[in-house]
Amino acid sequence: MKSGWVERDAQAIVDRYARQGIGPDLALRIYTSRLLGREPKLVLHGGGNTSVKTKLRDLLGEEVEVLCVKGSGGDLAAIEPSGLPAVRLDRLRKLRARAALSDEDMVRIQRENLLEPMAPNPSVETLLHAFLPHKFVDHTHSTAVLSLIDQPNGAALCAETYNGRMGLVPYVMPGFALAKLAAEIYESAPAVEGLILHKHGIFTFGETAEEAYARMIEMVTRAEERLARNRSAVFETAHVVPQAVAPLAVVAPILRGACSAKDERSEGAWRRLILDFRANPAILNFVNGAEVARYSQAGVVTPDHTIRTKNWPVLLRAPEDARMDSFKRSVQKAVLGFAERYKDYFTRNNARVGSIKRMLDPLPRVALLPGLGLFGLGRTKKDAKIAADIAESAIATITDAEAIGRFESISEADMFDMEYWSLEQAKLGSAEERPLAGQVAVITGAAGVIGTATARAFTAAGAEVALLDLDETAVQAKAKSIGGTAFAARCDVTDAPSVQAAFDQVVEAFGGVDIAVSNAGAAWQGRIGEVDEEVLRKSFELNFYGHQRVAQAAVKVMLAQGTGGCLLFNVSKQAVNPGLNFGPYGLPKAATLFLVRQYALDHGADGIRANAVNADRVRSGLLTEEMIATRSSARGLTEKDYMSGNLLGREVTAEDVAQAFLAQALALKTTADVTTVDGGNIAAALR
Ligand SMILES: [Zn+2]
């Protein structure tokens, strides 16, 4: 592993922080923490931690000796001074004399001794840092080191590789007991440059930031060199991988459906997960291996992965293109089997700890598919990506471990203690779930005013959103403005292959579709007795068939998932109250109103709801500022009076339409509904 240390950069960061009144100790601590955090072979998603012992002034202005240590759940790659809360060091060191210390007391004492009362909780490994005497202490979950020590003979391999330069700490769960044991092992051989924590990771230390960091790089390099020697070939490919593997867009909704659970709080509600797919030669080599059932199910590569991936992935059958029915059954069976195994694991271990824990959901967070690749699963796209990143890293670790020996994890009891450790679960945060969490919403015409407002409203409600539009540049810009995991793709709803391709892309990005907002439309005009048939056909192509194509593509995915769904249509008041010379627009919209009812009727039994919004007079691409000016002056009205020309005298906005779609998406007992969003128009009121 190459060192990322650049003297010039180190000096620049010292100078920069000096201008903010932050000393060189903390500045250099930030510099090497970021170097470690930016290397995924060392640190992934909140893993690893670092510290520096220095002097700071407390709130009364008195200088005190402190440990600045990473906050729990923080990210080393982007760490700032506030991410390294300062704790009074003499108080932490006093704890060494205790025989035992509960986790709750440990957290309380650490918080009591923070210099800044609002600082985040210090890392769960704070005491380990505090009990070591060195000024700088670095800790990572290096994949190379893990490959070396996640072995039945890990201790011997470690001794051979480090030749006394590193101490070896037997596996103990993080917390007070590990901190004491690590300090004792260091003190028994004070010449060591760091500690290997068996089946967990590596600590290095030094008097300067550069020394601790350089030792980390050197010790990781030694592990890499050992892994490069005497390798055996991994893995022999199994003969069960079919020639024709089904495409991702067909496989993902089947898996997603199988990994959904009925939400008991409301009939018709589901608890769904979002998917993140990965495939590359290393992943395929791993999942196609003849012994994948052994090494993939052996446990986590380092304990804190368990909160993201659970202890083992669900291993599925290869998806053979010609046999999707039997594949679907096999996936359902495998996921049920996973859940049973998880419940047994929970029950067994919960009894051991006195039945005090509450079971987390028993659904997998990683799925392996021979012939195809792997999926990370999570309640959000972000969580699914984290699970997939960790699974990919675990594959690299296990592959190297198997190349020089045999991968071995910690015991099931140790994994349980970690997964159900309150301090680990706290890293995931306790934010209240939003009403559309776990759902994927597709919106057509999403570059338009109503489409974008709808995408924003659904994002705010917790859904993952996919914005589709004919104008790819515009819709990419809209997705970017929404930010996060918002996805955009080009889609011409008048072209069936384009609709299918766009839905495939959405399914590949999120794993499926739960809500389709069929919003794309455009207005044509013409006096019906004289209008050219071509105009009428063009309008039908977009304002009727466009909706049908989108709904059909969505239903196909929803049926594969088997968890219901919701179709929402932007119909317009023209469907019930024709405007003068607006026949070419109103006629297909009237047909679309009946399309909504047909979907509600034909697919109600599948749990698929179909609802419509009839909006009127909204500033948008259909009703431009120029049109508003012309029409209001033709009627002798101000623009404001024209736009508010309804029973309530209030202008209808795109946000009002978006909120109506959202309400329909949330109303699980409502289908074939038409919601008017027009400020009141008796002629357009439905019977
Ligand atoms: Zn650790």
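The values are calculated or read from the model by the stated rules, or taken from the named source; none is laboratory data. Computed from a prediction, not measured in an experiment: that's the story for all the values here. Note that each Cβ is placed from the backbone with ideal geometry, even for glycine, and that neighbours are counted across all protein chains shown. Please note that ligands, DNA and RNA were not included when accessible areas were found on the heavy atoms of the full protein model with its side chains. Shrake-Rupley method; radii C 1.70, N 1.55, O 1.52, S 1.80 Å.
Neighbours of Glu433 by Cβ distance under 10 Å: Lys/Arg scored +1, Asp/Glu scored -1, total +2. Ranked from largest, the principal axis spans of the Cα set of the stretch 455-515 equal 31, 24, 16 Å. Between the stretch 38-79 and the stretch 636-683, what is the C-alpha centre distance in whole Å? Between the Cα centres of the stretch 38-79 and the stretch 636-683 lies a distance of 52 Å.
When the Cα positions of Val172, Leu255, Ile196 are compared along the charge dipole of the stretch 171-264, Leu255 comes out farthest toward the positive end, with charges on each C-beta of Lys, Arg, Asp and Glu. The accessible surface of the chain, taken with every protein chain in place and a 1.4 Å probe, is 52 percent carbon and sulfur. For the pair Leu360 and Ala672, label points projected 7 Å from Cα toward Cβ lie 4.4 nm apart.
Nearest 0.05, what FRET efficiency do Ala119 and Ala522 give at R0 = 45 Å with Cβ-Cβ as r?
Details: r = 55 Å, r/R0 = 1.22.
Once the sixth-power term is evaluated, E becomes 0.25.
Looking at the chain, which longest stretch skips every one of the GluC sites (Glu not before Pro) that is in a DSSP loop with at most 15 other Cβ atoms within 10 Å, leaving the sites themselves out? Before the final figure, lay out each step's value.
Details: sites that count: Glu62, Glu207, Glu236, Glu264, Glu267, Glu291, Glu432, Glu433, Glu530.
The segment 531-687 is the longest one with no such site.
Could you size up the charge dipole of the stretch 444-586 around its Cα centre, putting +1 on the beta carbon of Lys and Arg and -1 on that of Asp and Glu, and report it in debye to the nearest 20? Write down the numbers at each step before the final one.
Working: 10 positive and 14 negative charges, 80 e Å.
Its charge dipole is roughly 380 debye.
A 1.4 Å probe run over the stretch 330-474, with the rest of the protein chains in place, finds 38 Å² accessible per residue. By the Kirkwood approach, averaging reciprocal distances over each pair of separate Cα atoms, the stretch 306-366 gets a hydrodynamic radius of 13.0 Å.
Under unit Cβ charges (Lys, Arg +1; Asp, Glu -1), what dipole magnitude, rounded to 20 debye, does the chain have relative to its Cα centre? Write out the running numbers ahead of the final one.
Working: 78 positive and 82 negative charges, 185 e Å.
With Lys and Arg at +1 and Asp and Glu at -1, about 880 debye.
Global size of the chain: 29.8, 99 Å for Rg and Dmax (C-alpha atoms, Rg to one decimal, Dmax whole). With a Förster radius of 51 Å applied to the C-beta separation of Ala12 and Lys94, the computed FRET efficiency comes to 0.85.
Here the spin labels are modelled as points 7 Å beyond Cα on the Cα-Cβ line, and at Gln500 and Ile682 they lie 5.0 nm apart.
The residues of the stretch 553-652 expose, per residue, 43 Å² of accessible area to a 1.4 Å probe. Ranking Asp471, Asp492, Asp150 from most to least accessible surface, computed with a 1.4 Å probe over the protein chains only, gives Asp471, Asp492, Asp150.
Where both bridge residues fall in the chain, DSSP classifies roughly 55% of the beta bridges as antiparallel.
Compared with the direct C-alpha span, the chain from Met627 to Glu62 gains 196.5 nm at full extension, assuming 0.36 nm per residue. If each Cα of the stretch 328-484 is one equal point scatterer, what is log10 of I(q)/I(0) from the Debye formula at q = 0.08, 0.10, 0.14, 0.19 Å⁻¹? Computed log10 I(q)/I(0) values: -0.37, -0.56, -0.95, -1.29.
Spin-label model, Lys333 to Arg537: label points 7 Å out along the Cα-to-beta-carbon direction sit 5.2 nm apart.
A cut-off of 5 Å between modelled amide H atoms, ignoring neighbours fewer than 5 places along the same chain, links Thr675 with Ala612, Val613, Asn614.
Fully extending the segment from Asp105 to Ala177 would add 24.6 nm, taking 0.36 nm per residue of separation and subtracting the current Cα-Cα distance. For the stretch 481-535 and the stretch 167-217, what is the separation of their Cα centres, given in Å? Measuring centre to centre over Cα atoms gives 57 Å. What separates the Cα centres of the stretch 359-408 and the stretch 310-339 is a distance of 15 Å.
Computed over the Cα atoms, what is the radius of gyration of the stretch 258-409 divided by 2.2 N^0.38 Å, N being its residue count? Relative to the rule-of-thumb radius for its length, the stretch 258-409 sits at 1.07.
Using the heavy atoms of the protein chains alone and a 1.4 angstrom probe, what is the accessible area of the stretch 192-262 per residue in square angstrom?
On the way: 2880 Å² over 71 residues.
Averaged over the residues of the stretch 192-262, the accessible area is 41 Å².
FRET efficiency for the Leu637 to Leu601 pair, using the beta carbon distance and R₀ = 45 Å, is estimated at 0.60. Both numbers refer to the Cα atoms of the stretch 206-317; Rg and Dmax are 20.3, 61 Å. Is the shape of the stretch 76-133 best called rounded, prolate or oblate, per the rule: a/c under 1.5 gives rounded, else a/b larger than b/c gives prolate, else oblate, with a ≥ b ≥ c the square roots of the Cα gyration tensor eigenvalues? The shape class here is prolate.
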